[in-house]
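The values are calculated or read from the model by the stated rules, or taken from the named source; none is laboratory data. For clarity, every value in this text was computed on a predicted model and none was experimentally measured. We place every Cβ from the backbone using ideal geometry, glycine too, and count neighbours over all the protein chains shown. Calculation scope for accessible area: heavy atoms of the full protein, side chains included, ligands and nucleic acids excluded. Shrake-Rupley method; radii C 1.70, N 1.55, O 1.52, S 1.80 Å.
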Amino acid sequence: MRAVVQRVTHASVTVDGELLGRIGKGFMILLGVADGDTVQLAEKMADKICRLRIFEDENGKTNLSLADVEGELLIISQFTLYADCHKGNRPSFTKAGAPQMAESLYKRFMERCRQYVDVVEKGQFGADMKVELLNDGPFTLMLDSDDLFK
């Protein structure tokens, strides 16, 4: 499982001109699911991300979590995080999880995040989405379960 986590002032997602999700201060997460990912892995990744202390405290130190700042989440499915660009110029996505399995783990990831924060917004799995955000910092992290949970 891979995630790009961006600390945002606000973010939103639309599909065909319809607003599906909007958040204020929090994280906009692009989430990719690979073949072989599991429910346990999705839960561990959600726990890790929701516990990240990357908001500034009163001393300007990145020491506060989402819960500490009453942050919100916008979670967008992103199979292209598993693009393989080694050969040629056209990416291969064979490492991305099969759609039905990936959507199930995407939903489980969101459920787990709701244990930490009240507002968890989402896009539409498999749709052509338009995502807007104001990156705060900018502060962007890339997390890969292969690196985090070996």
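Observations on the structure shown:
- Residues of region 92-147 satisfying the condition of being closer than 22 Å to Gly26 by Cα, touching an Asp or Glu at 6+ places or on another chain (Cβ under 6 Å) and modelled with pLDDT under 95: Phe125
- Any hit, region 32-42, residues being closer than 19 Å to Asp118 by Cα and in a helix (DSSP H, G or I): yes
- Lone qualifier among Gly32, Gly88 - being open to solvent by less than 40 Å² (accessible area, probe 1.4 Å) and more than 22 Å from Asp136 (Cβ to Cβ): Gly32
- Looking only at residues in region 27-74 that are small (Gly, Ala, Ser) and under 15 Å from the mean Cα position of the chain (by Cα), the one that is nearest to Lys130 (Cα to Cα) is Gly32.
- Residue within region 6-20 that is in contact (Cβ under 8 Å) with a residue 12 or more places away in the chain, open to solvent by 10 Å² or more (accessible area, probe 1.4 Å), in contact with a helix residue (DSSP H, G or I) (Cβ under 9 Å, 6 or more places away or on another chain) and not in a helix (DSSP H, G or I) present: no
- Restricting attention to region 58-83, the residues that are outside any strand (DSSP E or B) and under 18 Å from Leu20 (Cα atoms) add up to 1.
- Residue count, region 99-150 (criterion: surrounded by fewer than 17 Cβ atoms within 10 Å (Cβ to Cβ), among the hydrophobic types (A, V, I, L, M, F, W, C) and assigned to a helix (DSSP H, G or I)): 2
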